[in-house]
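Before we start, here is the structure in question, set down as structure tokens.
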Amino acid sequence: MTHILACLDGIASQEAICDASAWAAAITGDTVTLLHVLERHQNVLPDLSGTIGLGSRETLLAELAELDQQRSQLARQQGKLQLDAAAHQLAEHGILANRLQRHGDLLDTLSDFAEQTRLLVLGKCGARHEGEDAVVGSQLESLLRTQRTPALVVQRQFTTPTSLLFAFDGSETAHRALKQLAGSALLKGLTCHLVMVADASAEHSAQLDAAATSLRQGGWQVISSLQQGELIPTLTRYLTQHQITLLVMGAYGHSRMRQFVLGSHTSAMLQALPCTLLLLR
């Protein structure tokens, strides 16, 4: 059985994560699983040798250990309350959700469920970056680099899409993503704006036309456009002009070394764009 895995972290993005999960579940019929992971943090107690007496040191260490246990219990209780609130929100959409709380590493947890997961739904900003709209969550990039599952990254609000923009660059990664898009039950029926940001040339026009033709042959309504300019400002302007709230693209197609030298379009997109982003691998 496949499911949509909604990863809960920051409170600010929880409503959008639930709305996006409900939208996807209503179309695909997949079960929604709400996931909250309590990560293990190794607490290093201070070295008190030579500063206070033995008895006082042991008492203080015991008090610190008790406080640490209390913090863990509070975090677990808070997580359960967050899961309950999210499940209630999904129920208002008519979606019954499973609730799952795990201890450990988020990446390891997602790997355990990878084979059964059709879609990951995540917030752009995690709990550590509440209130910082332009900041990408500290684990998000690492997660997206390692996961093979399509990931829907939402902002603080989710708007049900009526069309989408597919960012096409003619690369092998883009062609793989285009093939996934063509077979997507989730996005079928949406108008696809196929946009390539590149120099005006016969080669680029031919690449764009071939991509558009492949989608149209699969029953898609396609509007193709070859745009000139800097990538992110050009795509942002196109999204705004056409009131598109969903951007679809292939994720992290270059090697880590090339990204270190040239930068990553995916990371830049996550940082700059105000819309929902669907990343395909």
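The values are calculated or read from the model by the stated rules, or taken from the named source; none is laboratory data. Note that this is a predicted model, so its numbers are computed, not measured. Ideal geometry is used to build each Cβ from the backbone, glycine not excepted, and the neighbour counts take in all protein chains shown. Ligands, DNA and RNA are stripped out before the accessible areas are found, and what is left, the full protein with its side chains, is counted by its heavy atoms. Shrake-Rupley method; radii C 1.70, N 1.55, O 1.52, S 1.80 Å.
Can you confirm whether LEU100 is in contact with a Leu (Cβ under 6 Å, 6 or more places away or on another chain) and closer than 25 Å to THR146 by Cβ?
yes
Would you pick out the residues in segment 63-105 that are among the basic types (Lys, Arg) and either within 20 Å of ILE17 (Cα to Cα) or touching a strand residue (DSSP E or B) at 6+ places or on another chain (Cβ under 9 Å) (or both)? Spell out the reasoning first.
Just the residues of segment 63-105 that are among the basic types (Lys, Arg), to begin with: 71, 76, 80, 99, 102.
Those that are among the basic types (Lys, Arg) and either within 20 Å of ILE17 (Cα to Cα) or touching a strand residue (DSSP E or B) at 6+ places or on another chain (Cβ under 9 Å) (or both): ARG76, LYS80, ARG99, ARG102.
Give the residue that is nearest to VAL154 (Cα to Cα), with candidates limited to residues of segment 20-41 that are surrounded by fewer than 19 Cβ atoms within 10 Å (Cβ to Cβ) and charged (D, E, K, R).
GLU39
With respect to VAL222, is the statement that it is touching a Lys or Arg at 6+ places or on another chain (Cβ under 6 Å), open to solvent by less than 50 Å² (accessible area, probe 1.4 Å) and either touching a residue at least 60 places away in the same chain (Cβ under 8 Å) or under 30 Å from ALA25 (Cβ atoms) (or both) true?
Against the criterion (touching a Lys or Arg at 6+ places or on another chain (Cβ under 6 Å), open to solvent by less than 50 Å² (accessible area, probe 1.4 Å) and either touching a residue at least 60 places away in the same chain (Cβ under 8 Å) or under 30 Å from ALA25 (Cβ atoms) (or both)), VAL222 qualifies.
Condition (residue is farther than 17 Å from LEU247 by Cβ, charged (D, E, K, R) and part of a helix (DSSP H, G or I)) applied to segment 194-213: is it met by at least one residue?
Yes, that holds for at least one residue.
Write out, first by first residue and then by second, each pair whose Cβ atoms fall under 7 Å of each other, whose residues are 6+ apart or on separate chains, and whose first residue, in segment 100-115, is open to solvent by 40 Å² or more (accessible area, probe 1.4 Å) and in a helix (DSSP H, G or I) while the second is of a type in the set (Val, Ile, Thr) and at pLDDT below 85.
LEU107/THR146
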